[in-house]
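Below is one structure; the comments refer to it alone.
No lab work stands behind these numbers, since they all come straight from the coordinates. Quick caveat: nothing in here was measured; it's all calculated off a predicted structure. Don't worry about glycine lacking a Cβ; one is built from the backbone with ideal geometry, like all the others, and counts go over all protein chains shown.
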Amino acid sequence: MSNSFPRLGKPAPLFEADVVRFDSRKKQIFFDKISLNKIIEEKKWAVIFFYARDFSDLCPTEIHSFNRRIKDFERANCVLVGCSTDSKNSHKAWMEKPRTKGGIDKLSYPLMADPSLRISTSYGVLQRSLGQALRGTFIINDEGILMSMAVNPAWIGRSVDETVRTLQALQSGKSCPAGWRPGRKTL
């Protein structure tokens, strides 16, 4: 893992990278670009989650859990982005394969490619000896400030429900007790 770590309450590490997206209207998978600066310019929050590898067994469980909650991220004015150290071509091939054949099928959010390892390094989640990222989750506000981060080892999946809850709590602007949900009392 990298020796450099992002800091809560400070600007999140900037990135600009290739992504793979699925356009549900055109029914096609295509390459695109994404940057944190553009997300901030659009006054959106961002959740960036890192996963270990394409074509793995554990990663699809998280990728599909995030996909099932896409409406929660959209309602929160939040851009969701998955990222691994795999190439954009690997992401595209994985997305083109049906789930029944080891693929992930079409997603409602982009997968960002980090084959240079720069993004994983700047977010402090790179396992350099393996050339892959740990399971890091980063919530960035609409001003580009890192508001939350959590990192799990590659073999432990994360709770997407907790990511959504944390995003909602941060956006409430209040002190939120354990287990808080929107509509419940804050402190």
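Points worth noting:
- Dipole check for the range 16-159: with +1 at the C-beta of Lys and Arg, -1 at the C-beta of Asp and Glu, and the Cα centre as origin, the magnitude is about 440 Debye.
- The separation of the range 137-180 from the range 1-59, counted between C-alpha centres, amounts to 16 Å.
- Sequentially through the range 147-154, phi angles give Karplus couplings (6.51, -1.76, 1.60; θ = phi - 60°) of 9, 7, 8, 9, 10, 10, x, 4 Hz, Gly and Pro residues having no value and appearing as x.
- Each of HIS64, HIS91 has some number of other Cβ atoms within 10 Å of its Cβ, and from fewest to most they run HIS64, HIS91.
- A cut-off of 5 Å between modelled amide H atoms, ignoring neighbours fewer than 5 places along the same chain, links GLN127 with GLN132, ALA133, LEU134.
- Among LYS38, LYS88, sorting on how many other beta-carbon atoms sit within 10 Å of each Cβ, with the fewest leading, yields LYS38, LYS88.
- Exposed GluC sites (Glu not before Pro) absent: longest stretch of the chain, with sites in DSSP loops and at most 13 other Cβ within 10 Å deemed exposed: 43-142
- Sites ASN37 and ILE156, calculated FRET efficiency, Cβ-Cβ separation with R0 30 Å, nearest 0.05: 0.40
- Taking each DSSP H run with n ≥ 4 as -39500 (n - 2.57) and averaging over every residue of the chain yields -7000 deg cm²/dmol at 222 nm.
- Amide H contacts for LEU58 (H built 1.01 Å from N in the peptide plane; partners 5 or more residues away or on another chain; cut-off under 5 Å): none found.
- Of the trypsin sites (Lys or Arg not before Pro) found in the range 107-149, those that fall in a DSSP loop while having at most 14 other beta-carbon atoms within 10 Å are ARG128.
- With the Kirkwood sum run over all distinct C-alpha pairs, the range 10-134 has a hydrodynamic radius of 14.7 Å.
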